[in-house]
């Protein structure tokens, strides 16, 4: 029987790119001017990214729309209306998502997007307008979810079938998430593309698990590549691993590169033979222009 996750499975492996407002986590922090967000977004060379990914043989590519702060990689009128921001102040003027699709589609590389379940909580003033700030513990409300999902829906409907799937971070049980609070995100994705697949992250685990009842692939966040799934599906969801090529020291500093080319190739081969999926996590700030090769 054909599965909605078959396309992801056939692509085999991909690359995940954190592209955020700050400098790369592996470099020393400095006093950066956050007002240059548009300049940073404009500088991202999508053609080089697509070319590098094609040369690497990656089947798909994930990029963060945002994480924790107000800075978004594409325009969003709904966000600006709720946050009270002007176009370009928080949401980039450039539609980086559309430009990435155009570049990646030349090589038949699928585009996936990263979104969060905790919104711009680090920007206290804007976070309050959405209804969610620190401390993030067992306090997510449907009121917040509905506002934040409205932003998601604008993106989902705008891009439609250009987006093959979504990976939702920060949808933790610790924050108070449960089935009824996850469903609006899932429904917003399907409003734009009924064939798009979804995964909801409930934190780093020691084995794969399915968090939302209807998600089509597992979030699968690991800080290494040691786990190997023994079946293609986990409770009906495509087995999928989200790992890192670096020794992980937290988001304020990613340590040295520990996954060599030989080890990455070995890990990928093992997981693909077990019918699982894998993507490698690389983290970049606004100063990075393209992912470097990892295989």
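Data overview
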quantity: Relative packing of peptides 45-55, 196-206 - highest average C-beta neighbours within 10 Å first; calculated: 196-206, 45-55
quantity: Rounded FRET efficiency, nearest 0.05, which uses the C-beta distance separating residue 3 from residue 226 and R0 of 25 Å; calculated: 0.40
quantity: Inter-centroid distance (Cα atoms) of region 84-126 relative to region 134-202, Å; calculated: 15
quantity: At 0.692 mPa s and 37 °C, Stokes D of region 120-235 from Kirkwood alpha-carbon radius, µm² per second; calculated: 216
quantity: Label point distance in nm, residue 125-residue 158, each placed 7 Å from Cα along Cα→Cβ; calculated: 2.3
quantity: Separation between Cα centres of region 203-239 and region 40-81, rounded to whole Å; calculated: 25
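Where a number appears in this text, it was derived from the coordinates with a stated rule and is not lab data. Computed from a predicted model, the values in this text were never measured in an experiment. Neighbour counts run over all protein chains shown; Cβ positions are idealised from the backbone, glycine included.
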